Amino acid sequence: MDRKEFFSKVLFGGTVLLVAPSLLSSCSKAATPGTLGNTVVDLNSSAFASLKTVGGFAYDGNVLIIRSSATNYTALSRICTHQGCTVNYNSATKRLVCPCHGATFSNTGSVISGPTNVALTVYTATVNGTNLNIS
């Protein structure tokens, strides 16, 4: 083996060693959303004005809040259960879509299409006066 061939094989082997772990783990395990704790949303706040109408939605950090009826709200994690990317809500289609790998979820958090088969975390949302308590 001459010098050129030796360095070529070392370079190729080094590249494989560096790249292989990221390729093998890129889509292998689901992300685990963290616990929310208790969050209080002031429904009179201008930041949540869209929640005054049924079908309106707002984000509070990694939580999506949807006004599902005159008296009920749905609170979902925005963390995709596939790889932990932040999903976005499309109110026209009533779906949450992950921009990283295309997972699609319903407005209740259930999986419509993968690559994940784990639903989004659904939080308890209760109204107390003008506050929405999410836990």
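Read the figures in this text as sums done on the coordinates, not as results from a lab. Keep in mind it's a predicted model, so treat the numbers as computed, not measured. Cβ: placed from backbone, ideal geometry, glycine included. Neighbour counts: every protein chain shown.
Give the residue that is surrounded by the fewest Cβ atoms within 10 Å (Cβ to Cβ), with candidates limited to residues of the stretch 72-94 that are within 13 Å of the chain's Cα centre (by Cα) and among the small types (Gly, Ala, Ser).
Residue satisfying both the conditions and the ranking: 84.
When residues of the stretch 100-135 are filtered for being surrounded by fewer than 17 Cβ atoms within 10 Å (Cβ to Cβ) and touching a His at 6+ places or on another chain (Cβ under 7 Å), how many remain?
2
In this structure, is residue 97 of a type in the set (Val, Ile, Thr), surrounded by 16 or more Cβ atoms within 10 Å (Cβ to Cβ) and either closer than 24 Å to residue 38 by Cα or over 14 Å from the mean Cα position of the chain (by Cα) (or both)? Let's see the steps before the verdict.
Values: of a type in the set (Val, Ile, Thr): yes; surrounded by 16 or more Cβ atoms within 10 Å (Cβ to Cβ): yes; either closer than 24 Å to residue 38 by Cα or over 14 Å from the mean Cα position of the chain (by Cα) (or both): no.
Answer is no for this residue.
Listed here are the residues, each with its yes/no results for (1) in contact with a Leu (Cβ under 6 Å, 6 or more places away or on another chain); (2) outside any strand (DSSP E or B); (3) touching a residue at least 12 places away in the same chain (Cβ under 8 Å); (4) among the aromatic types (Phe, Trp, Tyr).
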| residue | (1), (2), (3), (4) |
| --- | --- |
| 54 | no, yes, yes, no |
| 64 | yes, no, yes, no |
| 71 | no, yes, yes, no |
| 99 | no, yes, yes, no |
| 112 | no, no, yes, no |
| 127 | no, no, yes, no |
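What number of residues within the stretch 103-132 are within 11 Å of the chain's Cα centre (by Cα) and not hydroxyl-bearing (Ser, Thr, Tyr)?
5
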